[in-house]
Amino acid sequence: MKVGILQFFGWRDRSVPLNSVYETALERFSIMDQTGYDAVWLAEHHFSSFSVCPSVHMMGTMAAARTKRLRIGTAVSLAPFYNPLRLAEEVALLDVLSGGRVNWGAGRGFERSEFAAFNIPGEESAPRFHETVDIVLKAWASQRLTYHGRFYNYDDVEVLPKPLQVPHPPVWMAASSLSAIEWAAGKGFSILMDPHSSRTDLIAKRRHYAAKLVEAGHSDTGRVIPMARLVAVDETAEKARAVAKRVAEWTIASYIGPKHAGNVRMEVRDFGGKDPVEFYLDEVMIHGTAESVAEQILTYGAEIGMTYLMAAPMSARSFQLLTDKVLPRIAG
C-alpha cells in the first residue's frame, strides 16, 4: 500500500519554543523524501495549540523547497475560510513551485470556535464549502472565470497562475459525516477518511461511499482513498499504549467540553458506552511494537480494503520506528 504522513503541528508543552514545532516538521519532510513515503498531508487548524498551522499552503512551500519527490498534500484546506479565488491562486502557486507535486484536499471544518472567529455562521459552512470548491475547480479549468452563486459573484476574472498539473492537481474531499460522504460521492470526488473514526465506522463509511458512487453513476474501481490513523510505535506494547493514551487525552480535551460546545465532529460521537479515552485506545488508534503495528496495518488492508495509509505518528519515536521498521514491511 501507499503510505503518507498526516502532519499535525501540536504544541502540547508551551514551555517549549513554538518554532521547534515547525523545525521538527521540516526535519521530517526531508526524511520522508528519502525513505519511501508517498506524501506529507498538512493539517490546517486555527486558534488552538492542538495544531498550530494556520496556512497549509505556506507550509507546503517549505515542504516543497526541502524535498524532490515527496508529494505535498493538504489535509485539508479549510475552504469556507478563504475567498475562493485566493484559494485557487495559492494552491496553483504551490503546485507550480513544487514542480507539480500537490494533492489538494479540501474540507468544511468542524470546530465551531473557528467559524465564530472568522464570523461565518455554522449553518453556512457546508454551502460555502461546496460553492468554494466549485469556484476553485472552475477557476483552474477556465481561461477567464464568470460565476454567480449564493455567496460569490465574479465576472470575467483571469485567475493566475494555473496549476502545473493538467487539468489540475488530484482532488480529495474530507468526508466524516454521512452527508459529506454522500455529497462527495454524488459529485464523483474521492474522499479523505478522518483519523477519529473507529474501525467499525471506517468500514461502514467506506462501504456507504462506494454504494453512493455507484448510485450516482461513478466508478469506485481504482480510487485512492487515504485513510488517516493515529499511530504509536515503541519498543514495547506498554510504552506504545502509554504514548497513545497521552495523545487520546489531549485529543479529547481539545475537542470536547464547554469551550467546544457544538463541535460537529465530537459532540455527537457515539463512544459505545466507553470512556472516550478508552474508546480511542481500543477502537480508533493503532499502537504497539513495530511488528504489531505492521500487522495491524496489513489487516486493515485485507479487511477494509485500505490501500493508502495516512499515518499520524503520535511521538517522535513513533515516526522514527514507523519509518525504519514499519514502512519497509507495508509500503509498495
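The values are calculated or read from the model by the stated rules, or taken from the named source; none is laboratory data. As the structure is a prediction and not an experimental result, all values here were calculated from the model. When we count neighbours, we look across all protein chains shown, and the Cβ atoms used for this are built from the backbone with ideal geometry, even at glycine. Remember, those area values only see protein heavy atoms, side chains included, never the ligands or the DNA or RNA. Shrake-Rupley method; radii C 1.70, N 1.55, O 1.52, S 1.80 Å.
Of the residues making up the range 140-170, those that are touching a Ser or Thr at 6+ places or on another chain (Cβ under 7 Å) and touching a residue at least 24 places away in the same chain (Cβ under 8 Å) number 1.
Counting only strands (runs of 3 or more DSSP E) that sit completely within the range 117-201, those holding 2 or more residues that are open to solvent by 20 Å² or more (accessible area, probe 1.4 Å) and within 26 Å of Leu6 (Cα to Cα) correspond to 171-174. Among the criteria (1) of a type outside the set (S, T, N, Q); (2) modelled with pLDDT of 95 or more; (3) more than 24 Å from Ala312 (Cβ to Cβ), the one Met62 does not fulfil is (3). Residues that are open to solvent by 50 Å² or more (accessible area, probe 1.4 Å) and among the aliphatic types (A, V, I, L, M) were ranked within the range 238-263; the one that is modelled with the highest pLDDT is Ala253. Report yes if Thr307 is more than 23 Å from Leu70 (Cβ to Cβ), open to solvent by 30 Å² or more (accessible area, probe 1.4 Å) and either out of contact with any Lys or Arg (no Cβ under 9 Å at 6 or more places or on another chain) or at pLDDT 95 or above (or both), otherwise no. No: the conditions fail for Thr307.
For Thr35, the stated conditions do not hold, so it cannot be described as open to solvent by less than 60 Å² (accessible area, probe 1.4 Å), in contact with a strand residue (DSSP E or B) (Cβ under 9 Å, 6 or more places away or on another chain) and in contact (Cβ under 8 Å) with a residue 24 or more places away in the chain. Selection of first residues in the range 209-220 that are in contact (Cβ under 8 Å) with a residue 24 or more places away in the chain and surrounded by 16 or more Cβ atoms within 10 Å (Cβ to Cβ) and of second residues that are of a type in the set (A, V, I, L, M) and part of a loop (DSSP other than H, G, I, E, B), restricted to Cβ pairs under 7 Å at least 6 apart or on distinct chains, gives an empty result.
Hey, among Val277, Val293, Val224, which residue is among the hydrophobic types (A, V, I, L, M, F, W, C), modelled with pLDDT of 95 or more and buried (at least 22 other Cβ atoms within 10 Å of the Cβ)? Only one candidate passes the filter, namely Val293. Of all the criteria given as (1) in a helix (DSSP H, G or I); (2) open to solvent by 70 Å² or more (accessible area, probe 1.4 Å), the one not satisfied by Arg28 is (2).
Going by what's in this entry, would Leu93 be described as modelled with pLDDT of 95 or more and farther than 19 Å from Ala184 by Cβ? Against the criterion (modelled with pLDDT of 95 or more and farther than 19 Å from Ala184 by Cβ), Leu93 qualifies.
Each row is one residue, and each column tells you yes or no for (1) out of contact with any His (no Cβ under 9 Å at 6 or more places or on another chain); (2) open to solvent by less than 30 Å² (accessible area, probe 1.4 Å).
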residue	(1), (2)
His45	yes, yes
Pro54	no, no
His57	yes, yes
Pro84	yes, yes
Ala92	no, yes
Ser98	yes, yes
Ala106	yes, yes
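Of everything listed in (1) more than 18 Å from Tyr152 (Cα to Cα); (2) at pLDDT 95 or above; (3) within 18 Å of the chain's Cα centre (by Cα), the single unmet condition for Gly99 is (3). For Arg206, are the conditions met, namely being in contact with a helix residue (DSSP H, G or I) (Cβ under 9 Å, 6 or more places away or on another chain), under 30 Å from Pro313 (Cβ atoms), outside any loop (DSSP other than H, G, I, E, B) and not aliphatic (A, V, I, L, M)? Taking the combined requirement at face value, the residue satisfies it. If the condition is being without any contact (Cβ under 8 Å) to a residue 24 or more places away in the chain, part of a loop (DSSP other than H, G, I, E, B) and charged (D, E, K, R), then the range 1-25 contributes only Asp13.
For the range 132-147, the set of residues classified as closer than 14 Å to Arg86 by Cα and either basic (Lys, Arg) or modelled with pLDDT under 95 (or both) consists of Lys138 only. Scanning the range 59-79 for residues that are surrounded by fewer than 24 Cβ atoms within 10 Å (Cβ to Cβ) and farther than 28 Å from Ala248 by Cα yields Thr61, Met62, Ala64, Ala65, Arg66, Thr67, Lys68, Arg69, Arg71. Considering the range 2-24, and only residues there that are more than 17 Å from Gln320 (Cα to Cα), loosely packed, with under 14 Cβ neighbours inside 10 Å and not aliphatic (A, V, I, L, M), the residue that is modelled with the lowest pLDDT turns out to be Arg12.
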